[in-house]
Amino acid sequence: MSADGDDYHRGLLDIHADLIGRGHEQPEKALAGAMRVPEEAVHARLRVARQRLNPGA
């Protein structure tokens, strides 16, 4: 992982986008299961990833 975490956040967003692209109806729930964290944690991590990689968006 890069020192600033951008690779982690970019990867998380890429996986989320891939799940959506494959027609997964509940991508956040799938990520939560794979990461073994509550779904709310996935929502928070996706929000942080978007903010870090797209500041001002």
Against the definition (farther than 22 Å from ASP4 by Cα, within 11 Å of the chain's Cα centre (by Cα) and open to solvent by 60 Å² or more (accessible area, probe 1.4 Å)), how does ASP18 come out, yes or no? yes
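Could you list, in sequence order, all residues of segment 1-15 that are open to solvent by less than 70 Å² (accessible area, probe 1.4 Å) and of a type in the set (A, V, I, L, M, F, W, C)?
Keep residues of segment 1-15 that are open to solvent by less than 70 Å² (accessible area, probe 1.4 Å), which gives 2, 5-6, 9, 11-13.
LEU12, LEU13 - these are the residues of segment 1-15 that are open to solvent by less than 70 Å² (accessible area, probe 1.4 Å) and of a type in the set (A, V, I, L, M, F, W, C).
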Of all residues in segment 10-44, count the ones that are assigned to a loop (DSSP other than H, G, I, E, B) and not acidic (Asp, Glu). 7
Selected residue (criterion: surrounded by the fewest Cβ atoms within 10 Å (Cβ to Cβ)) from residues of segment 28-50 that are of a type in the set (Lys, Arg) and under 18 Å from ARG10 (Cβ atoms): ARG47
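The values are calculated or read from the model by the stated rules, or taken from the named source; none is laboratory data. A quick note: this is a predicted structure, and the numbers were derived from the prediction, not measured. With ideal geometry, Cβ positions are generated from the backbone for all residues, glycine too; neighbour counts draw on all protein chains shown. Heads up: the accessible areas ignore ligands, DNA and RNA and are worked out on the full protein's heavy atoms, side chains in. Shrake-Rupley method; radii C 1.70, N 1.55, O 1.52, S 1.80 Å.
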